[in-house]
Each structure stands twice: as C-alpha cells, then as structure tokens.
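A short write-up of the structure that comes next.
Laboratory data are not the source of any read-out in this text; all were calculated from the coordinates shown. For clarity, every value in this text was computed on a predicted model and none was experimentally measured. When we count neighbours, we look across all protein chains shown, and the Cβ atoms used for this are built from the backbone with ideal geometry, even at glycine.
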Amino acid sequence: MKQLLAALAVCTALLAPAQAAGPVKTFRYAFPIAETGFDPARVSDIYSRTLTAHIFEGLYTYDPLARPTKIVPLLAVADPEVSADYKTFTIRVRPGIYFADDPAFKGRKREVTAQDFVYSIKRYADPATNAQGWSSYEDAGLVGLGELRDKVIKSKQPFPYDTEIEGVKALDRYTLQVKTNETRPRLVESIFAGNDLYGAVAREVVEFYGDKIMEHPVGTGPFVLKEWRRSSQIVLERNPNYRERHYEAFPEPGDAEAQAIYAKFKGRRIPMVDRVVVDVIVERQPRWLAYLRGEHDFIERVPEEFITQAAPGGHLAPNLTKQGMKALFTLTADMTLTSFNMDDPVIGGYTPDKVALRRAISLAYDVRKEIQLARRGQGVPAQAPIVPNTSGYDPAFKSEMSDYDPARAKALLDMYGYVDRDGDGWRELPDGSPLVLTRNTEPNSLSRAIDELWDKALSAIGIKLQLKIQQWPENLKAAQSGHYQMWAVGSLAAQPDGHGTLQRLYGPASGTQNLPRFKNARFDAIYERMQAMPDGPEREALFKEAKRIAVAYMPYKVNVHRIVTDIEQPWMSGYRRPLFWQDFWQFVDIDPAKQPVH
C-alpha cells in the first residue's frame, strides 16, 4: 500500500506542472491578403513580413508603447559604439540566444553569433537571393559589399560568403562591426531596427533547405511555424526554447492608454499567448462576419464598407461597446499609391506629352470621393510620397497631387495631342493609335469600388480603361518585373525617417521598392545627399524639393493616408498598433475563459 501511495505521489508530482500551465491561449485573426513566404530576404509584402517578424529577431527593435517611437536593444546587448564620423558601428550580440530547434542543426542547440548577422547581411547582397531589401543595404554603403556583389554579377559565380570584407565582419564571437563609405547618422534605424527584414538567419538552415527556404523559417523569435496551408491558414506556436524575456516599455507620462497597458503587463513573461492562428480571408464581408461571430479575437483594419456599422463618427458603435469590445483609431504612417510604369510605351516616359498624360489622369480622379464613398471616411488626401509620423511629412504642404480638376485634365490632353480623331468618344494617342490603359487590380470589394471610381473618372475625360484582375502576389510579380501599366498599392513606413519612403522613387531601387522604375538624376542626388546629413532645416528643404519632383513627374499618384480602425474582443488586451514595425503578438494576451469555443 505504501508503495502504491508513493507511486501515486510521483505521478501527481509529474502531472502538476502540466496542470499549473493552464489552458492553451490561442490568438486568432485574419489577413485580408495572402502571404508569399517566410524568408526575410525574399519577402516584401506586409503580410509575410508580419509573419517573419514574429519568427526572426534583429539586433534592435521598437519600444511597444513609446510615442514618439524609441529604438531599444533586442539581440544586441546595448546601443552601438559609434565613431565620431558615423562611419563605424560596433555592436555586441547578446550571448546565450539560441535558434529554434530544427533538423538543420542535427540535434544540437545553435547559439546566435555575430557571424550570423554577417551572413544574413551578405544574403541580401547575393544576386541569387533576389532580395527585395537589398536596396536598403546598398543605400547604407557598407564598405566592399556592393563591390563584392558586382563581381559576382559579372563573373556569374556563386557568392563567396567566406570572403571577408571591411564593411561587415565579426571581430569575435559576439562582436559585429559595420563600416560605411559615407556618414550614416541613422544607420541603426535604417538597417538594424526591426525584426522582419534584419533578423538573424543561420547559414546551415539556408543550405539545408535550399530552394525550399521560403517554407522553413528558423529564427530566434517568440514563435515558430507549425502549420501552413498556403493562402489559407498559418499556425504558429510559442517557441519552446525562447529565452526568458519580460514585458518592458517606456510609455510617455501623459499617454493614458499606454500607461494603462504597461501597468497591466509590466514584468510579464512574453509571449503571453501560446498559439497564433491566422486565416487568409480576402473577401471583406466574411472577414468582418467571422469577427462578429467571435471566431477571431481581433480584426485588424475594419473593412471600410463596415465602418458606419462598427464605428460611426469615429466612436465604437454602442452595441459593440456593450459587448465589451474596444476600438483603436490610428492615422497610419502609410499611403496608397497608383503606380505608373515609367518604362511602358503608353503611360511611361519623361517627355512633356507623357508627363501631361499622367498628370491629366491624376487630375481626373477625385481622391475625396474615394475617401467618402469607398473608404467611408477612413483616410485623408495625400499630397506627396511622404507619410504621417515621419520626418519630411508636413501637414501644411499642398500640391497638385490631391487636386480634382477634370476640365484642366481635358485641356492638358488636348494640348498634347490626346484627342478623339475618329469620333467614337475615346481619345487616341498623339500618333493616332488607340489610347487604352490597363489597371491591375485585386478581386475584393474595396478594389472593385475604387476600380469603378477610376473607370468613371477616366471615361469622363475620354480615356478607356480595362481591368486586369488577379491576386496581389501576382500583381506584385508583374510590377517588380515591369510588366504592367497601372497598379494600386499600399506603402507602410518601416522607420521614423521619411527618407526610407523616398526609396520608392530612387533609381537604383527600380524593380524592388521603386515599382514605377522612376529615374531622375536630380532626385537620386537629393536622396543620396540626404543619407549623410544630420536632421535639420537643410535636410527638410531637400525633402520639399524631392516631393516637388515627385509631383511634377507623377510616377505615382499618391492617393490617401489611411485611418485604420482595429477592434479587440473583450477577452483580448494589450494591443497597440505598431507604427513602423510588424510584431505585436508577443505583447497581447487572451483570456481563454471568456473566449468562445468554435
């Protein structure tokens, strides 16, 4: 009997930890657009980057509550040591950080070292990677890195990862040194802050999975990929080897919302949820209804057509308030753009007639009507390709970008020979050939509403529009390869410095961030000069000149800065929309006792 009781006691002791762990906390929500993959060097869309931001970790990140934003160490021990000329940066990597377990490591625990960051940076320079973020490193001007890339391109040989270069090297196991050709006062902000693009990647993982690396993300972050049904559902679980990390933040004293979150979560071990399930629901009504049914704990970006139902007049609807839901309203650091392919023989080009065509198209389109009808008031007109909450953004700046003047649009077209020669009601090109524009678009209700507005606007000035409807990833591929005429796309700032947004017009970034493939020597010179300049009036003046060039040539029509409404269910807490980064899952909590079972 004593032996039986002893055995029962042992069993009870063994079971105790599992019982104390409590119920599994699952955080559920939906993406409106499908992901493309999980390799930080290859992805560029915001949804894939949201996923990779929770799997990979960079040297620095953003404080989850501080406004204005504050950069803090993550895998780095402290702020970097920076030379007086802002050309040498020495960063100590925190010891004792490990990658998630993976077959690539052959059963061994794999610690992160400075050499992992050297390798990760070189992957962006490797032409075989086709890294969408290469332009950021190219702009940084790391000594010898661009030259090494050029040699590989010319020789058509594999990238020599073991070749040491002065610009990025490991001084010892935990010390990374980066050197730049020119002064770079904001280098940490531009290439080291944020997890999604600049996280540590292990070389043996990339070599183990080869061309399947997009399917096998292995990082140091709080979550690991568990299941993936492409364009349907992604399941991530708490990384069982994640280090002991606690909630820490520096909210402003007068920020009541942030202070309340911090008071609740200060010192809590993160992540606070065990599992994240992300559904891909492209159609907006099913996504909204899934949230209302309690199938999702959170709806990010309430679809515009349901704003009057969810938050009329900028306040959460009374029926939702009674259920305990909470709404958050944010003027985001983003913009929506209509990109014109500058290499296209019809809509592209730099001659006065081509510029006149794009400016006429812009003048024909009523952005305020889009905000009112399609977006239900969820936005403000944009004046230039610089977004709110970043340097260079001036709310007082006014340009032609937001003007609606169809009479002036018709006059421009007449002046440059875009007239109706055959009397069928549609204008022809100056050489007499048909003027038909193709707009790439997506199969969702918001796109359909905006497409209808564009069709009516261009029909009113005698331009025929046809639509090419396909999924967002296909449109992205077409834009990056230059096989399109017009495409509507959104752009979210990745950092507080507005200079990064100007990369969307920087010539060397053509085919990556620069979707129109815009090339202007004066703009490029301004962009390059601004990189080395300290913040101040002189740099702000260059921002203004860059904006004027963008308006004059119109490679993009910048449409709207969006206002985003996010809503939490009553059993979710801790959310605050990030302004310049994508990771937030580790900072939210779920109460399973209140969460409905589905």
Cβ-based charge dipole, segment 39-213, positive-most Cα from A78, I46, P95: P95
A552-R577 pseudo-label distance in nm [points 7 Å out on the Cα-to-Cβ vector]: 3.4 nm
Nearby lysines by direct alpha-carbon distance to K464 (threshold 29 angstrom, same-chain neighbours under 8 apart not counted): K354, K369, K410, K456, K477, K519, K557
Reachable lysines, given that their alpha-carbon falls under 18 Å from the alpha-carbon of K87 and they are not under 8 places away in the same chain: K169, K179
Extended-chain gain in nm, criterion 0.36 nm per residue less alpha-carbon gap, R229 and D162: 20.5 nm
Segment R522-Y98, extension gain: residue separation times 0.36 nm, minus the distance between their alpha carbons: 148.0 nm
Of every Cα-Cα pair in segment 22-169, the percent that sits beyond 25 Å: 42 percent
Furthest towards positive pole of dipole, G423, F159, P64, structure part the chain, Cβ charges: P64
Total charge dipole magnitude, segment 334-562, about the Cα centre, Cβ charges on Lys, Arg, Asp, Glu only, Debye to nearest 20: 240 debye
Sequence of I299, I549 once ranked by neighbouring C-beta atoms within 10 Å, starting from the fewest: I549, I299
Estimated FRET transfer efficiency when R0 is 25 angstrom, pair Y404-D353 (beta carbons, to 0.05): 0.65
Dipole magnitude (debye, nearest 20) for the chain, charges at Cβ of Lys, Arg, Asp, Glu: 880 debye
Tilt relative to the chain, helix 2-21 - C-alpha long axis, 0 to 90 degrees, to 10: 20 degrees
Rg over Rh, two decimals, segment 205-259 (C-alpha only, Kirkwood Rh): 1.18
Student exercise, segment 491-540 dipole from Lys, Arg, Asp, Glu Cβ charges, in Debye to nearest 20: 300 debye
Cα-based radius of gyration of the chain once divided by 2.2 N^0.38 Å, which approximates compact folds: 1.03
Gyration tensor verdict on segment 334-562 (Cα atoms; rounded if a/c is under 1.5, prolate if a/b is larger than b/c, oblate otherwise): prolate
DSSP bridge pairs, the chain: antiparallel proportion in percent, nearest 5: 80 percent
Principal-axis tilt of helix 406-415 within the chain, Cα atoms, nearest 10 degrees: 60 degrees
Dipole of the chain, positive end: most advanced residue of A407, P385, V205 [Cβ charges, Cα centre]: V205
